[in-house]
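The structure under discussion appears below in the form of C-alpha cells.
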Protein chains: 2
Amino acid sequence: MATIADEIESYIINAIEFNDNNWVEIKRSHLSYRFACVPSQINYVLKTRFSPERGFLVQSRRGGGGYLRIEKLTNDDEGGFLRQLIEECGNRSVSLRVATGLLERLVEEEFLTGREGLLVKNMVHHNVLAGAVAVQDEVRALLLKSVLLTLLREEFQNC
Amino acid sequence: MATIADEIESYIINAIEFNDNNWVEIKRSHLSYRFACVPSQINYVLKTRFSPERGFLVQSRRGGGGYLRIEKLTNDDEGGFLRQLIEECGNRSVSLRVATGLLERLVEEEFLTGREGLLVKNMVHHNVLAGAVAVQDEVRALLLKSVLLTLLREEFQNC
DNA sequence: GTAGTCATGGTCAGTATAGGTCAAATAAAA
DNA sequence: TTTTATTTGACCTATACTGACCATGACTAC
C-alpha cells in the first residue's frame with residue numbers, strides 16, 4: 001500500500017518528466033495543500049526520496065516568492081564513477097592527502113579543468129581550514145562532496 | 001521572476017543596458033508607481049540587489065528634481081580589485097548572500113568562469129557548511145579568501 | 001537672506017509569506 | 001517485541017513588503 005510519502009514522491013517524479021527538463025519548481029505549500037499533509041511532510045519526502053544518493057538535488061528559496069526546485073541529476077557519468085566517490089567521501093572525513101589525490105584524479109579524468117582543480121585544492125588546504133575549524137577532515141569531506149555533486153548537475157554541464 | 005522585487009531588479013538592469021552607458025538615472029516615485037508598490041520597496045531592491053558586493057554604485061538626490069542614479073562599476077586594475085575584495089572579506093565573516101553576490105561579480109568580471117563560480121558557490125552554501133561548522137560565516141570568509149588569493153597567483157593564470 | 005512650503009528620497013521597525021529543523025507520536029515491518 | 005518508517009506540530013530562519021516618520025533640496029514670499 002502506498003503512503004502519502006510515496007504519493008508525493010511519484011507526483012514529483014511525474015512533474016519532473018512532464019516538465020521536459022530534468023527539474024521542477026514547485027511550492028512546498030502547494031504540495032502540502034494538495035496532499036492534505038503538514039508542510040514538514042514534504043521535507044521528509046525530499047530527504048528520504050530525493051537525496052543526492054538517489055541522484056537528486058534539491059534547492060529552495062524561503063520568504064515571499066519562495067519555492068522548491070528539485071532536479072534529477074544527469075546519469076551518464078562513466079559507471080557511476082562520481083557517485084562512487086560521493087559514497088566514499090560523503091560520510092567519513094577526508095585528509096588533505098586523500099583530497100589532493102582525489103582532485104588530481106578528477107582533473108586527469110577530465111571532470112575538472114586544471115584551474116578548477118587548483119582552485120578547489122587550495123580551498124581545502126589545511127592552511128585555509130585551520131583558521132576556524134577544529135574538525136578539518138570533516139569539513140573537507142563536505143566540501144569535496146559538494147564539488148562532486150556539482151559535477152553531476154546539468155546546470156554545470158552547460159556553463 | 002516571481003516577486004515584485006525581482007521584476008524591479010530586471011527592469012533596472014535592462015534600463016542600464018538600454019542606456020548604453022553603465023548607468024541610469026531614474027525617479028524613485030516613477031518606479032514605485034510603475035510597479036504599484038510603496039516607495040520604500042525600491043530602497044529594499046537597491047539594498048538587496050544593487051549592493052557594492054555586486055558591483056553597483058547607487059547615488060541619489062533628494063528634494064525637488066530628486067533622482068536615483070544606479071551605476072554598474074567595472075574594474076580596470078585587476079590586482080587592485082582582487083586585493084580590495086580580499087581586504088573586504090578577508091578579515092570579517094561573510095554571509096551567504098554577500099558571498100553569492102561576490103562570486104557572481106567575479107564571474108561577470110571574468111576572473112572566474114561560470115563553471116568555477118558555480119563550483120565555489122555550491123561549496124560555500126550553508127547546506128554544505130552547516131554539516132560541521134557552527135560559525136559558518138567565518139569559514140566562508142576563509143574559503144573565499146583562498147579563492148581570491150588563488151586568482152592572484154601566476155600559476156593559476158597559466159593553467 | 002531667512003522662513004516657510006512642497007517635492008523628493010531615506011530609514012527602520014513591524015508584518016506577511018514561505019521554507020527548514022527537530023523530536024515526539026504513531027504506524028508498519030521484521 | 002524490537003526496529004524502522006512515516007506523520008505531526010511547535011518553533012526557527014530567510015526573504016519580501018508596508019507605512020510611519022525623517023532628511024534634504026528647490027522654490028517662493030517677505
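Values in this text are rule-based calculations from the coordinates and carry no lab data. Treat the numbers as computed from the prediction; the structure is a model and nothing was measured. Cβ placement follows ideal geometry from the backbone for every residue including glycine, while neighbour counts extend to all protein chains displayed.
Table for the structure above
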quantity: Answer residue from the stretch B:61-87, given it is within 10 Å of DNA strand C (Cβ to nearest atom) and free of Cβ contacts under 8 Å to residues at least 40 places away in the same chain and is farthest from B:Glu104 (Cα to Cα) among those; calculated: B:Gly64
quantity: Failed condition for A:Glu87, given (1) surrounded by fewer than 18 Cβ atoms within 10 Å (Cβ to Cβ); (2) within 14 Å of chain B (Cβ to nearest Cβ); (3) not aromatic (Phe, Trp, Tyr); calculated: (2)
quantity: Criterion violated by A:Val58 - all others in (1) aliphatic (A, V, I, L, M); (2) free of Cβ contacts under 8 Å to residues at least 24 places away in the same chain; (3) farther than 27 Å from A:Gln157 by Cβ satisfied; calculated: (3)
quantity: Contacts under 6 angstrom Cβ, first residue in the stretch B:1-27 being free of Cβ contacts under 8 Å to residues at least 24 places away in the same chain and within 14 Å of chain A (Cβ to nearest Cβ), partner assigned to a helix (DSSP H, G or I) and surrounded by 14 or more Cβ atoms within 10 Å (Cβ to Cβ), 6 or more apart; calculated: B:Met1/B:Glu7
quantity: Unmet requirement for B:Phe56, which otherwise passes all of (1) among the hydrophobic types (A, V, I, L, M, F, W, C); (2) away from DNA strand D (no atom under 13 Å from the Cβ); (3) within 14 Å of chain A (Cβ to nearest Cβ); calculated: (3)
quantity: 2 or more residues more than 9 Å from every other protein chain (Cβ to nearest Cβ), among the aliphatic types (A, V, I, L, M) and closer than 13 Å to A:Leu82 by Cα: qualifying helices (runs of 4 or more DSSP H) within the stretch A:102-159; calculated: A:136-152
quantity: Filtered residue count, the stretch B:36-66, keeping only those that are among the polar types (S, T, N, Q), surrounded by fewer than 17 Cβ atoms within 10 Å (Cβ to Cβ) and more than 14 Å from the chain's Cα centre (by Cα); calculated: 4
